[in-house]
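Report on one structure; see the data block that follows.
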Amino acid sequence: MEDMMTKAQHEEFAKLMKSENERLADENKRQNKRLDSLENTVRQIGSLTASVQELASSMKSMLKEQEKQGRRLETLEGRDGEMWRKIISHIATTIVGIVVGYIFLKLGM
C-alpha cells in the first residue's frame, strides 16, 4: 500500500491535470488561429500568383501587338518618305527637261 495515493494527493494531481489540459486546449486554440491565418495567407499568395501569371500573359500579347504596330508604323512612315522622293524626282526631271528644251530652243534645234 505504499504505492497508493491519498485522496488529497489524487485531488491535487487531478487539479494539476485539469489546468494542464486547459493550458493545452488554449494553446491548441492559438495554434488553430495561427494555422487559419497561415492558410488564408497561402490562398492569397496563390491568388496573387495566378494574377501575376495572367498579367505576364497579357504583357506578352501586348508586346507582340506593339511590335506588329511598330512594323506597320515603319511601313507607313516609309511610304511618306518614298512619296516625297518621287515628287522631288519628278520635279527635278521636269526642271531638267525645261532647261534642256530651252537650250535646244536657243541653239535652234
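Checked across the range 101-109, the condition of being surrounded by fewer than 10 Cβ atoms within 10 Å (Cβ to Cβ), in a helix (DSSP H, G or I) and either charged (D, E, K, R) or touching a Gly at 6+ places or on another chain (Cβ under 9 Å) (or both) holds for at least one residue. Taken as a whole, the condition of being at pLDDT 95 or above and either within 14 Å of the chain's Cα centre (by Cα) or not in a helix (DSSP H, G or I) (or both) does not apply to S37.
The values are calculated or read from the model by the stated rules, or taken from the named source; none is laboratory data. Please read all numbers here as calculations on a predicted model, not as lab measurements. In this analysis, Cβ positions are derived from the backbone assuming ideal geometry, glycine residues included, and neighbour counts consider all displayed protein chains.
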